Amino acid sequence: MDVVVQWVRTEWVRPERGGPGLPGSVPAGFVLPHLRPAVHEARLHERDGFRPAWSAEKSEVDRLALVLREDDGVLSVQLQNTLFAPPQRRDRPSPARLERGQWVRWQLDHRWQRSRDGGWNYLLTTLNLAYGPVSDARLFLGTPTRFVDERAGLS
């Protein structure tokens, strides 16, 4: 399947840092290292000043986290909610449908309480996925064709 996937997983602990707890300067997308189909993942942790740490590039999509179905030149994309942390979402959005040359940004957030001190940890998962050939490495810095927002405004 001709897709470029970029996961951005941002973790923090203090909700008082502006907006829903996440500093506004944390990016939702990054420049691609190349234009070939691949899966890239950046992890940003508050403790590291939100500097991205990149995992090894993969060629296969994690089928537990993401369901892709291609039919007649249209790709259906469904981000799975694999965390059992609150808030649980019973009503999930329909899959995003993409034609070749389009891309989706899908965001989903969670929080969980730490047993050691009662504080909260937060996670924002952002999926950037392009269907078909990518001609610009800066694609995920722009405006997506489709945007699915499952952020719950955690406090």
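Read the figures in this text as sums done on the coordinates, not as results from a lab. Just so it is clear, the model here is predicted, and its values are computed rather than measured. Using ideal geometry, Cβ is built from the backbone for each residue, glycine included, and neighbour counts are taken over all protein chains shown.
Add +1 for every Lys or Arg and -1 for every Asp or Glu among the other residues with Cβ under 15 Å from the Cβ of Ser94, and state the total.
Working: positive: Arg69, Arg89, Arg90, Arg92, Arg97, Arg146; negative: Asp71, Asp91, Asp149, Glu150.
Overall, the nearby charge balance is +2.
Work through the residues other than Trp54 whose Cβ is under 11 Å from its Cβ and net out their charges, Lys, Arg +1 and Asp, Glu -1. Before the final figure, lay out each step's value.
Working: positive: Arg43, Arg51; negative: Glu41, Glu57.
Net charge in that neighbourhood comes out at 0.
How would Phe147, Phe140, Phe84 line up from fewest to most surrounding beta-carbon atoms within 10 angstrom?
Numbers: Phe147 12, Phe140 24, Phe84 8.
Ordered by Cβ neighbours within 10 Å, fewest first: Phe84, Phe147, Phe140.
About the Cα centre of segment 81-128, what is the dipole size in debye to 20, counting +1 per Lys and Arg Cβ and -1 per Asp and Glu Cβ, all else neutral? Please list the in-between numbers first.
Working: 9 positive and 4 negative charges, 14 e Å.
In total the dipole reaches around 60 debye.
Just the number, please: percent antiparallel of the DSSP beta bridges in the chain, rounded to the nearest 5.
Numbers: 34 of 47 bridges.
Counting only bridges with both partners in the chain, antiparallel ones make up about 70 percent.
Give me the net charge for the shell around Leu129: Cβ to Cβ below 10 angstrom, other residues only, Lys and Arg +1, Asp and Glu -1. Write out the running numbers ahead of the final one.
On the way: positive: Arg105, Arg146; negative: none.
Charge balance in the 10 Å sphere: +2.
Can you work out the Karplus-derived ³J(HN,Hα) for every residue in segment 121-132? Use 6.51 cos²θ - 1.76 cosθ + 1.60 with θ = phi - 60°, whole Hz, and x for glycine or proline.
Rounded to whole hertz, the list is 10, 10, 9, 10, 9, 10, 9, 10, 9, 10, 9, x.
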